[in-house]
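S.K.: Okay, handing you the structure first.
Values in this text are rule-based calculations from the coordinates and carry no lab data. Quick caveat: nothing in here was measured; it's all calculated off a predicted structure. Cβ coordinates were reconstructed from backbone atoms using ideal geometry, including for glycine residues, and neighbour counts include every protein chain displayed.
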Amino acid sequence: TGIRAEPSLTSSLFFFLPRDRISGSGGPATLSKAEFLERVRRSNQACQQGEFALAVRLYTEALTADPQNCILYSNRSAAYLRLGQHSKALDDAIKARLINPKHCLAKIGQ
């Protein structure tokens, strides 16, 4: 499929590496692979630095390019939890689990 899970270089969070360009709507690609990876890297870094609102924004940007990425939903769920936004955190955990029921982090929200 051209996508593989790899550990983040800056944290224990995981993400999927997309093909060269990805798009959330099946239309023209919205982010290059490098742009996507940069958003994921920056969002993971923001989480590590306690900047959870920034992390949510960056995960959201990455999700617009790859809306079937259960790892990004799980990571954004964790950031929402740290912001005390429990309903949004649960929504993202459920989305992650629906996309990939075997993803262990998605089960935390259930």
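S.K.: Residues that are surrounded by fewer than 19 Cβ atoms within 10 Å (Cβ to Cβ), in a helix (DSSP H, G or I) and not polar (S, T, N, Q): does region 62-69 have at least one?
M.R.: no
S.K.: Let me ask something else. Out of all the residues in region 70-86, which are buried (at least 19 other Cβ atoms within 10 Å of the Cβ) and over 8 Å from the mean Cα position of the chain (by Cα)?
M.R.: If the condition is that a residue be buried (at least 19 other Cβ atoms within 10 Å of the Cβ) and over 8 Å from the mean Cα position of the chain (by Cα), then SER77, ALA78, ALA79, TYR80 are the ones that fit.
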